Amino acid sequence: MSEHERRTVLRYAGLTLAAGMGAATGTVAAQETDADGSAGDETADGESTTDEPVTADGSRGWSSIRGDAGNTGFVPGSIGPKPPVSVAWEDDHGGTFAVVDGTVYLVADDGQVRAIDAVDGSLEWESEITAASREEPVRAMGPPAVAYDTVYVTSRGDEPNLTALDVATGDLRWQESGLGSETNLSPTVAGGLVFLVADKVLYALDAHGGERRWQFEPGTVTTDDGQERGDYLQRDSVAVAGGTVFALSNKRLIALDAETGDERWTDGVDDWASSTFSGRPIAADGVAAAVKAGVVTIYDAETGTERSTVPTHSLDVLTDDRVYAVTDAEDGDRKTVTGYDSETGDRVWQPSDGDGSVASAVVDDDSVYVGLEESGVAAFDRTDGRGEWRVDTGTEPRQIAVVGDTVYVGGDSLFAIRTDGEDRVDGGGDGDENSSDDGNESTDAGNESIDGSENEAADDTDTESSDDADETPGFTAGTSIAGGALALEWLRRRIGDDE
């Protein structure tokens with residue numbers, strides 16, 4: 001059994017124990033992946049063993065910059081940490097990351113790729129990106145994407161490239177160069193392909209070997225006034241869902257067949273002189289969404305028919321029934337997050353408190369998690385908007401992600417935030433007194449309630465809707481360090497004895 005396989009087995013075994021299954025039975029999730037990349041993790045009884053989302057290849061976690069190939073920022077079927085919470089571990093390298101199967105894959109600010117144990121923050125491997133044409137390593141850049149036991153990263157330098165690394169070792173699997181000098185910062189992986197925009201061209205590469213399958217370039221467009229106008233793909237990540245790739249140019253949303261690159265449908269702006277598409281596209285559950293001429297437009301993903309519009313110029317999260325957007329607060333001095341009904345466009349959710357300015361948002365079944373421009377991350381109830389908890393990390397977040405019971409925050413450093421308590425079975429290291437050699441010690445510094453109290457759970461379960469400005473319940477904070485490594489250590493030793 002490889003080290004990566006061992007860690008994955010231990011992780012799912014811990015989740016199974018947490019669900020109340022007997023340790024003596026040794027029941028572990030068995031992962032089955034279909035040819036099209038769909039997958040399901042089931043026990044012998046046919047029941048799901050984890051609430052984490054399934055990635056393109058059937059693995060579990062936050063596989064790309066916005067969580068999945070559709071850029072949704074939404075984790076259905078998952079519930080993140082509940083108060084009291086604290087920082088479980090910290091890595092002093094900043095950057096952007098993905099989290100899959102118990103490992104955080106960080107493209108660090110120093111240009112290296114690091115694999116970090118998601119449970120205790122210990123370093124698994126560190127890799128530099130090398131190119132055949134250069135003696136010196138090149139700098140990895142932008143968010144990674146993880147699928148098919150591979151980490152996909154782009155790099156900067158005289159010859160930018162897309163590099164595929166083995167998830168278990170960091171060793172080079174393949175590398176594709178010559179894609180252009182303006183390489184997209186964020187690859188998208190789905191259906192056995194890696195999609196990447198470079199020099200205004202969308203490439204589809206084989207995810208297993210790097211061979212080019214097809215490429216697409218919009219070229220010029222004849223507008224209503226009879227003029228030929230250039231229209232170029234934006235460098236942000238494309239969205240992939242239901243066998244369709246959605247890419248934004250300056251003036252159009254373009255839907256392409258993911259397997260062949262053939263154009264399925266397009267929608268353009270009415271006023272080519274002043275209107276544009278902006279941000280990144282989002283796709284899921286038969287719909288696609290994009291910011292068109294300053295308004296979120298939602299389309300039928302199959303036909304391109306416009307379904308609805310949402311009166312906001314920002315598109316951050318798409319759930320089954322809502323659009324969440326980071327917008328200007330009513331006081332005009334800060335940013336907040338607002339939830340809109342995706343069919344009617346009505347505002348249906350906002351935080352009932354919070355005086356900080358919001359930079360980003362992600363959502364799971366129970367909560368909305370926001371990165372704060374000043375420092376740290378906060379969680380709000382998805383139903384009524386009340387504040388659940390807030391942690392000051394001492395750095396402005398560039399990325400947040402929620403995987404299982406952990407929120408990961410990336411800024412100048414990387415943080416893992418979890419529920420405090422002694423019942424955790426996935427908290428701990430390799431049996432070395434629950435600590436790592438990197439000095440990644442747990443801390444609860446900066447974790448406070450909005451009214452300054454500590455360990456005070458919000459007990460008003462009948463809080464009215466956040467539209468009532470008088471309802472501003474406080475955050476709940478935690479003070480203790482996450483523990484409970486004994487069960488995990490017992491499993492490690494059992495596996496070691498079996499080998």
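The values are calculated or read from the model by the stated rules, or taken from the named source; none is laboratory data. Please read all numbers here as calculations on a predicted model, not as lab measurements. Every residue, glycine as well, gets a Cβ built from its backbone with ideal geometry; the counts of neighbours run over all protein chains shown.
Looking only at segment 171-197, which residues are part of a strand (DSSP E or B) and within 25 Å of TRP272 (Cβ to Cβ)?
Filtering segment 171-197 for residues part of a strand (DSSP E or B) gives 172-177, 183, 188-190, 193-197.
If the condition is that a residue be part of a strand (DSSP E or B) and within 25 Å of TRP272 (Cβ to Cβ), then VAL197 is the only one that fits.
Scanning segment 77-114 for residues that are buried (at least 24 other Cβ atoms within 10 Å of the Cβ) and of a type in the set (A, V, I, L, M, F, W, C) returns VAL85, VAL87, ALA88, TRP89, PHE97, ALA98, VAL99, VAL100, VAL104, LEU106, VAL107. For ALA140, indicate whether it is surrounded by 23 or more Cβ atoms within 10 Å (Cβ to Cβ), of a type in the set (A, V, I, L, M), touching a Pro at 6+ places or on another chain (Cβ under 7 Å) and part of a strand (DSSP E or B). Spelling it out, it is not the case that ALA140 is surrounded by 23 or more Cβ atoms within 10 Å (Cβ to Cβ), of a type in the set (A, V, I, L, M), touching a Pro at 6+ places or on another chain (Cβ under 7 Å) and part of a strand (DSSP E or B).
What residue, among those in segment 138-152 that are of a type in the set (A, V, I, L, M) and modelled with pLDDT under 95, is nearest to the chain's Cα centre (by Cα)? Explain how you work it out, then say what you get.
The first filter runs over segment 138-152 and keeps only residues of a type in the set (A, V, I, L, M), leaving 138, 140-141, 145-147, 151.
Filter once more, keeping what is modelled with pLDDT under 95: 138, 140-141.
Working: VAL138: 25, ALA140: 19, MET141: 17 Å.
Top of the filtered list is MET141.
Residue check: GLU396 meets all listed conditions (1) part of a loop (DSSP other than H, G, I, E, B); (2) in contact (Cβ under 8 Å) with a residue 60 or more places away in the chain but one, namely (2). Of the residues LEU233, LEU193, LEU205, the single one that is modelled with pLDDT of 85 or more, crowded, with 22+ Cβ neighbours inside 10 Å and more than 23 Å from LEU165 (Cα to Cα) is LEU233. Filtered by the rule that a residue be outside any strand (DSSP E or B) and under 24 Å from ASP225 (Cα atoms), segment 244-283 gives ASN250, LYS251, VAL269, ASP270, ASP271, TRP272, ALA273, SER274, SER275, THR276.
Identify all residues within segment 327-367 that are of a type in the set (Val, Ile, Thr) and surrounded by 22 or more Cβ atoms within 10 Å (Cβ to Cβ); write none if there are none. Quick ask: steps written out before the conclusion?
Here is the first cut: in segment 327-367, the residues of a type in the set (Val, Ile, Thr) are 327, 336-338, 344, 348, 358, 362-363.
Within segment 327-367, VAL337, THR338, VAL358, VAL362, VAL363 meet the criteria.
Mind checking which residues of segment 93-124 are aliphatic (A, V, I, L, M) and farther than 22 Å from ASP405 by Cα? Before the answer, list the steps.
In the first step, residues of segment 93-124 are kept if they are aliphatic (A, V, I, L, M); the result is 98-100, 104, 106-108, 113, 115-116, 118-119, 123.
VAL107, ALA108, VAL113, listed by residue number.
For segment 306-326, the set of residues classified as in a loop (DSSP other than H, G, I, E, B), surrounded by 21 or more Cβ atoms within 10 Å (Cβ to Cβ) and in contact (Cβ under 8 Å) with a residue 40 or more places away in the chain consists of ASP316, THR319, listed by residue number. Of the residues making up segment 208-226, those that are outside any strand (DSSP E or B) and either in contact with a strand residue (DSSP E or B) (Cβ under 9 Å, 6 or more places away or on another chain) or at pLDDT 95 or above (or both) are HIS208, GLY209, GLY210, GLU211, GLU217, PRO218, GLY219, THR223.
Residue selection: ALA379 satisfies the criterion of being outside any loop (DSSP other than H, G, I, E, B) and buried (at least 22 other Cβ atoms within 10 Å of the Cβ).
Inside segment 327-376, residues that are touching a residue at least 12 places away in the same chain (Cβ under 8 Å), in a strand (DSSP E or B) and charged (D, E, K, R) make up a count of 3.
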